[in-house]
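Reading through the structure tokens given below for one structure.
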Amino acid sequence: MFWLEHAWILPAIPACAFLGMFLFGRLLPRQGDWLSIIAIGSVFVLFFFVLESHLDSLNAGLGGIANTGFDWLSFGDFTLRIGFTVDSIAVVMLGVVALVALLVQVYSVSYMRHHGRPEPRYWWYYTVMSLFAAAMLTLVLADNLLLLYIAWEGVGLCSFFLIGFYYERTSAVEAAKKAFVTTRLGDVGLLIGILLFWRATGTFQISELIEAVQAGRTNDLPQVMGDGYLTMATLLVFLGAMGKSAQVPFHVWLPDAMEGPTPVSALIHAATMVVAGVYLVARLLPIFDLAPGALELVTAVGLITAILAGLIAITQTDIKKVLAYSTISQLGFMFVALGSGAVGVAMFHLMTHAFFKAALFLGSGSVIHMSGEQEMGKLGGLWWKMPVTAVTFTISALALAGVAPLSGFFSKDEIFTVVSRHQDESVLILLGVAAFLSALYMTRLVILTFFGAPKDLDVIKRTEEAPPLITAPLVLLTLLTLFVGWFALDQVGDAFGFPGGINNYIYFPEPEIFSFNSGLAAATGVLSLLGILTALWFWWGSNVRRATALREFQPRMTAVLENKFYFDEAYQWAIDRLVLPLGEMVAWFDRHIVNDTGVNGPADTVKYAAFWTKFHVTGRLPDYALLMIVGIAGAGALGFLLRI
């Protein structure tokens, strides 16, 4: 139980690395990249001690949950703690964050160097990477909403720094600002929701908050908050999850965030930070379950996002933006699972998605690093030039498409299973459409990048396989993609020390046993196959003319998809026509009413009064005598009038 009670050491290690890098990074050998890698490597090693303690606690019937921390502030009966909780879903997130962060940082040693020379601000890159790891691990382990919110804003700040890493490029600066502002809109809702929960229950502790809400729903205890209050607070918290996890309509920041270095995309915008919203809803799902209409909204948002992002991905030509919209769509799948009340299923797909999506982003980085191009219109024919990258990328793409027996097949099948049990058939059908789109756009991406004739001979001539520090993480992530899904099966779980399958250990508050539905699995497999065949029909070899003919046949539909349903244009119109004019009105009111009248008005009045009254000070006795006579006469006249 030692490591369960001292799990705070895990975020403390990268926090210390950040402090050392921030102060001395530019002076250290290799600008301190080794310090950041050793720190996150230590976290990954210690994770196995935490996992072992957690499994021992579960098998001993102790619940596998440990709480530790210390009191920070106390006033009256209220105490604010810096506390940490280790339970099943926290352990899953710890493993994902530690492993992906470690592989990304190792990968970056080669990626962030060109011809043996590190990029400018190389030390700053690893400094922020360490800070991000510390903030993300703190978010995962936080036992109260206030500490979670502080870490939540910490990962947002790191995202801003890393998206805008190439700040000499205007596009990177704009993307960083867009991500920061868009996610802040959701974070305002999250903060208000947290304060509403505290106002009703008097606690920020997640476990106490859940107990208070659940107790208030029993017949023998008074409610701590009404249905309307509970729903409002819950949906405000969900607003923060929507912003961080790029759900419609807050999805617009994630594709632009690809302006940052590709390893950043793999770590923050595919495998860890963007799933923080999923983790938050999973952590608070007992409250969502009690709030009227909350789970229905979670399902609707996830479903709309999965389909809409999948449609947009079909028309994108930038490798990283296809993967960005793919991430948005897959996050939608996770929210649909949460809307069905299945935390274990959502967390299982979160884990498998982290592995194959990190492999895809790092694979795209390998292509970009070695070819200098990321537009699919200039690629093609890379299979023989970059065989390791091509094989690992293709396997990971098939996993995302839900092809058996890869990990994405198992986790997606579980989502379809729980949806078939808890949702209407219409939800299941629409989710099937999203799964078909996943197979379609991923197959298109693989074909246009790695197969067919080279579209630009200069690109293909200068391209070669990436160095080992880039390909090794790809191979390891692909191996995880190949085999981790099998741990959901009872037989495999029993053989490797996870009786009942891995889902028996990913739960909150109850275990969810994986049940393989062969009929549903066959149906989803057919959908994936149809998506792959459709992509081959339109984009394989000379078939690309069919895609061109379809574009010409449906120019309006193509324009809508290529312009991403005009979300960016709609937001720009709202900013230009509504936000900026309103801001000008507020600025005018502040300058002329608040500042000139409210603040400067009394001072100006005293100033003018002093200016005019100073003229009676002349220094001549006759003038003072005259003023005294006038004053006495005036006072006498006033007294006479008042007496009358």
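Among residues that are touching a residue at least 12 places away in the same chain (Cβ under 8 Å), surrounded by fewer than 17 Cβ atoms within 10 Å (Cβ to Cβ), assigned to a helix (DSSP H, G or I) and among the small types (Gly, Ala, Ser), ALA90 is not included.
To keep it simple, each residue is scored yes or no on (1) modelled with pLDDT of 80 or more; (2) of a type outside the set (D, E, K, R).
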| position | (1), (2) |
| --- | --- |
| PHE24 | yes, yes |
| ARG30 | yes, no |
| LEU58 | no, yes |
| ASN67 | no, yes |
| PHE75 | no, yes |
| GLY83 | yes, yes |
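State yes or no: is ALA172 touching a Phe, Trp or Tyr at 6+ places or on another chain (Cβ under 9 Å), part of a helix (DSSP H, G or I), surrounded by 23 or more Cβ atoms within 10 Å (Cβ to Cβ) and touching a residue at least 24 places away in the same chain (Cβ under 8 Å)? So ALA172 does not fit the description; no.
Is it true that some residue in the stretch 254-271 is touching a His at 6+ places or on another chain (Cβ under 9 Å), open to solvent by 10 Å² or more (accessible area, probe 1.4 Å) and not hydroxyl-bearing (Ser, Thr, Tyr)? Checking the stretch 254-271: at least one residue is touching a His at 6+ places or on another chain (Cβ under 9 Å), open to solvent by 10 Å² or more (accessible area, probe 1.4 Å) and not hydroxyl-bearing (Ser, Thr, Tyr). Every condition in (1) open to solvent by 10 Å² or more (accessible area, probe 1.4 Å); (2) under 18 Å from the mean Cα position of the chain (by Cα); (3) β-branched (Val, Ile, Thr) is met by VAL336 except one, and the failing one is (1). Within the stretch 448-466, the set of residues being in contact with a Phe, Trp or Tyr (Cβ under 9 Å, 6 or more places away or on another chain), part of a helix (DSSP H, G or I) and not β-branched (Val, Ile, Thr) comprises LEU448, PHE450. Put simply, of TRP123, TRP72 the only residue that is under 21 Å from PRO11 (Cα atoms) and not in a helix (DSSP H, G or I) is TRP72. For ALA7, the stated conditions do not hold, so it cannot be described as assigned to a helix (DSSP H, G or I) and open to solvent by less than 50 Å² (accessible area, probe 1.4 Å).
Answer yes or no as to whether THR534 is assigned to a helix (DSSP H, G or I), surrounded by 19 or more Cβ atoms within 10 Å (Cβ to Cβ), modelled with pLDDT of 75 or more and not aliphatic (A, V, I, L, M). Here the answer is no, as THR534 does not meet what is asked.
Determine whether the stretch 200-215 contains at least one residue that is in a helix (DSSP H, G or I), free of Cβ contacts under 8 Å to residues at least 12 places away in the same chain, closer than 30 Å to SER329 by Cβ and open to solvent by 10 Å² or more (accessible area, probe 1.4 Å).
no
Would you confirm whether any residue within the stretch 492-515 is over 17 Å from LEU400 (Cα atoms), at pLDDT 85 or above, open to solvent by 80 Å² or more (accessible area, probe 1.4 Å) and not aromatic (Phe, Trp, Tyr)? Checked against the condition, which is being over 17 Å from LEU400 (Cα atoms), at pLDDT 85 or above, open to solvent by 80 Å² or more (accessible area, probe 1.4 Å) and not aromatic (Phe, Trp, Tyr), the stretch 492-515 yields no hits at all.
Every residue in the stretch 355-381 that is basic (Lys, Arg) and either closer than 16 Å to PRO468 by Cα or open to solvent by 10 Å² or more (accessible area, probe 1.4 Å) (or both), please. The one that is basic (Lys, Arg) and either closer than 16 Å to PRO468 by Cα or open to solvent by 10 Å² or more (accessible area, probe 1.4 Å) (or both): LYS378.
Taking the numbered list (1) of a type in the set (Phe, Trp, Tyr); (2) surrounded by 24 or more Cβ atoms within 10 Å (Cβ to Cβ); (3) closer than 26 Å to VAL544 by Cα in turn, TRP384 passes all entries but (2). Considering the stretch 53-81, and only residues there that are aliphatic (A, V, I, L, M) and surrounded by 11 or more Cβ atoms within 10 Å (Cβ to Cβ), the residue that is nearest to LEU4 (Cα to Cα) turns out to be ALA66.
Considering the stretch 399-447, and only residues there that are in a helix (DSSP H, G or I) and without any contact (Cβ under 8 Å) to a residue 60 or more places away in the chain, the residue that is least open to solvent (accessible area, probe 1.4 Å) turns out to be VAL446.
Checked against (1) modelled with pLDDT of 85 or more; (2) out of contact with any Ser or Thr (no Cβ under 8 Å at 6 or more places or on another chain); (3) under 25 Å from GLY365 (Cβ atoms), LEU51 passes all but condition (3).
The set of residues in the stretch 97-120 being open to solvent by 20 Å² or more (accessible area, probe 1.4 Å) and assigned to a loop (DSSP other than H, G, I, E, B) consists of HIS115, GLY116, GLU119, PRO120. When the helices (runs of 4 or more DSSP H) confined to the stretch 263-363 are screened for residues that are within 19 Å of ILE206 (Cβ to Cβ), among the aromatic types (Phe, Trp, Tyr) and modelled with pLDDT of 90 or more, those reaching at least 1 such residues are found at 276-283, 285-290.
The values are calculated or read from the model by the stated rules, or taken from the named source; none is laboratory data. Just so you know, these numbers come straight off a predicted model, no measurement behind them. Virtual Cβ from ideal backbone geometry, glycine too; neighbours counted across all protein chains shown. Ligands, DNA and RNA are stripped out before the accessible areas are found, and what is left, the full protein with its side chains, is counted by its heavy atoms. Shrake-Rupley method; radii C 1.70, N 1.55, O 1.52, S 1.80 Å.
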